[in-house]
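All of the numbers you see were taken from the coordinates with simple rules; none came from a lab. Since the structure is predicted, the reported quantities are computational estimates derived from the model, not experimental observations. Counting neighbours? That spans all protein chains shown, and the Cβs are built from the backbone with ideal geometry, glycine included.
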Amino acid sequence: MSPEIIALCMFGLLLVGLFMGHPLAFVLGGAAVLGAVIAGKPMLLGIVINRIFGDVLDNFTLIAIPLFVLMARFLSDSGVTDRMFETLRLLMSNVRGGLALAVVFISILLAATTGIIGASITVMGVMAIRPMLQYGYAPTLTAGVIAASGCLGILIPPSIMLILMASYSPLSVGELFAGSMIPGVLLGLSYAVWVWLVAVFRPDMAPAVQPDEKISRGALIRMLILEALPPLVLILGILGTLLAGIATATEASAIGAALALLIVILRGRFTWATFYGATLETGRISAMILFIVVGATAFTGVFNITGGMRATQEIIRNLDMAPWLLITMMMVIVFILGAFLDWTGIVLLSFPIFLPIVQEMDVSLLWFVVLMAVVLQTSFLTPPFGYALFYLRSIAPKEVRTGHIISGVLPFIGLIVLMCILVAVFPALVTWLPAALYTN
């Protein structure tokens, strides 16, 4: 059987399994087993098992994933986010769109300390949805700003997605963290600009709210500084040690988890019950991610050995496109896949195909990977399988309908596409900071 037919069969099995509603990890693993049988080479599975042990279980970079998940849960338990949102709500209450702007700014800070999308959206949703609706914000804007801002954690370091990307590419975690910093922050700021524009031109969607409590602005600023100090210390402990070359990604994640636990203790929020809950959730999320990694490693292993990888790459090379057009096509493919797969599966399936081709071009691999990371922001927001939509739907009140959520995220998807264009036109947005930090 030709490699092209095997490739079509394996991707066909993948799509059938996903549309039947099976978990991605088991669909990938099952497609790998059936692909080996269809190719008439079941003995390949022994080689694939060896690859799993070599590429996954011996990959020390992946240890950072459970540690960052644990850090995110500790920070959530500390109550820092609740106090910061309340302070910003009071500080910006008489500004049009102030509550929505508070959501964006808190989400940027959360993204730089957690990197867990489900946690960010859930925390912000529980805190912000009802106050925003109560004060007259449109359900579409409320849902859109919470869902989109909560997804910034996969782009702004420390991001679990960037760690996984680094472990499956020649790039280091530090390079990817530095390269994604400016695009991630700019994307968050573009959300704030959009909210401000909506508040100016559609004041009925984002009204100004008079403060309930009479607190002086000076007292509010002092409260904000006090509440922002723990997350800033956490950011400095993680990104400062990593970007300065003092710690590796794994060591920085351990520092972050220890600092987050210390914040919980110092704020008097530590109990053995919350500690047990944090470790249990860490194990559950880490197992889910690593199961997908194992399944994807099996799938790409069989796909590669049976010749499907080579055949697919040759088809792309034979398109005879200009490099910019070929990269545009790759980003469009990633965007479409984002409507059906989560970022883990997309990264693990596309990297083995795309990266060798990109390395043959005269373009920066760091720029390409960060550009792809920006595009993957949409994978959480595009229906029918946008995870942010599901997270928000699970906590939203009845007056926020599914149509409101989908309509609300559309402008933010447009902003993500605009940021992709900016990164493509101005590669220095990605390459300047890594060059400044790591070039002697």
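Numbers below:
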{"item": "Projected-area mean, segment 18-172, by convex hull of Cα positions, square nanometres", "result": "12.3"}
{"item": "Listed residues A249, I221, A166: farthest to the positive end of the dipole of the chain (Cβ charges)", "result": "I221"}
{"item": "Relative contact order computed over the chain (Cα-Cα under 8 Å; 6+ residues apart), in percent", "result": "27"}
{"item": "Protection-proxy order for peptides 33-41, 346-354, 100-108, 278-286, each taking the mean of Cβ atoms within 10 Å per residue, highest first", "result": "100-108, 346-354, 33-41, 278-286"}
{"item": "Residues in segment 168-212 that a label on R401 would reach, taking backbone N under 19 Å of a point 7 Å out along Cα→Cβ", "result": "205"}
{"item": "Within the chain, helix-based [θ] at 222 nm, where runs of 4 or more DSSP H residues each add -39,500 (n - 2.57), nearest 500", "result": "-24000 deg cm²/dmol"}
{"item": "Label of the coordinate-derived value, Cα Rg over 2.2 N^0.38 Å, listed as [x] 1.55; [y] 1.23; [z] 1.00", "result": "[z]"}
{"item": "Total charge dipole magnitude, the chain, about the Cα centre, Cβ charges on Lys, Arg, Asp, Glu only, Debye to nearest 20", "result": "900"}
